[in-house]
Amino acid sequence: MMRAFLSLLSGTIFGFGLALSGMMNPARVRGFLDLFGDWDPTLAFVMGGAMLVMAAAWLVQRRLARPTADRDFHLPETQTIDAPLLSGAVLFGVGWGLAGLCPGPAIASLGTALPQVLVFVVAMIVGMATVRLFQQR
């Protein structure tokens, strides 16, 4: 029960932060990615703030024996930069640039009931399922 509550609370705070920062606005995201046009630097500050928070979280995590709502930490098992990682990063970047959305903001944007957001989320789910099918083979 506590784990579900903490997940809901974390997701709510994350969604609120996405809305407040403008990360749910595809036009703002595309403006940030338009380095040689009408560049909008505001998301750089959002990302910088996120990196500071994450740096603090890593420092706290190192001092903890275990997480609050689980038995173990679930950290990446490898630091290898390989073809699946690079191809995933390219697909993520292309999708982000074309749609102006990435997975977190897309899920949070479902509340706006915009058809293009629904199309993006459905395409994202189909893509994730396709990757999982290929990985199982």
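What the table below lists for this structure:
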read-out	value
Whichever residue in segment 17-63 is surrounded by 11 or more Cβ atoms within 10 Å (Cβ to Cβ) and of a type in the set (Asp, Glu) and, among such residues, is nearest to Phe92 (Cα to Cα)	Asp34
Exclusive hit being part of a helix (DSSP H, G or I) and more than 21 Å from the chain's Cα centre (by Cα), set Val53, Val60	Val60
Where a residue in segment 41-64 is at pLDDT below 90 and its partner, wherever it lies, is assigned to a helix (DSSP H, G or I), with Cβ under 6 Å and at least six apart	Leu43/Phe32; Val46/Ser21
Only listed residue being surrounded by 11 or more Cβ atoms within 10 Å (Cβ to Cβ), part of a helix (DSSP H, G or I) and either modelled with pLDDT of 90 or more or within 14 Å of the chain's Cα centre (by Cα) (or both), chosen from Gly95, Gly111, Gly127	Gly95
Some residue of segment 22-36 being outside any loop (DSSP other than H, G, I, E, B), under 25 Å from Met124 (Cβ atoms) and small (Gly, Ala, Ser)	yes
Checklist (1) more than 20 Å from the chain's Cα centre (by Cα); (2) surrounded by 10 or more Cβ atoms within 10 Å (Cβ to Cβ); (3) without any contact (Cβ under 8 Å) to a residue 60 or more places away in the chain; (4) outside any helix (DSSP H, G or I) applied to Phe5, failing item	(4)
Subset of segment 65-77 [without any contact (Cβ under 8 Å) to a residue 12 or more places away in the chain and either touching a Leu at 6+ places or on another chain (Cβ under 8 Å) or basic (Lys, Arg) (or both)]	Arg66, Arg71
Looking only at segment 114-124, and only at residues there that are under 16 Å from Ala27 (Cα atoms) and among the hydrophobic types (A, V, I, L, M, F, W, C), the one that is surrounded by the most Cβ atoms within 10 Å (Cβ to Cβ)	Phe120
Residues within segment 64-85 that are assigned to a loop (DSSP other than H, G, I, E, B) and exposed (fewer than 10 other Cβ atoms within 10 Å of the Cβ), tallied	15
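The values are calculated or read from the model by the stated rules, or taken from the named source; none is laboratory data. Remember, it's a predicted structure, so these values are computed and weren't measured experimentally. Backbone-built Cβ (ideal geometry, glycine too); neighbour counts: all protein chains shown.
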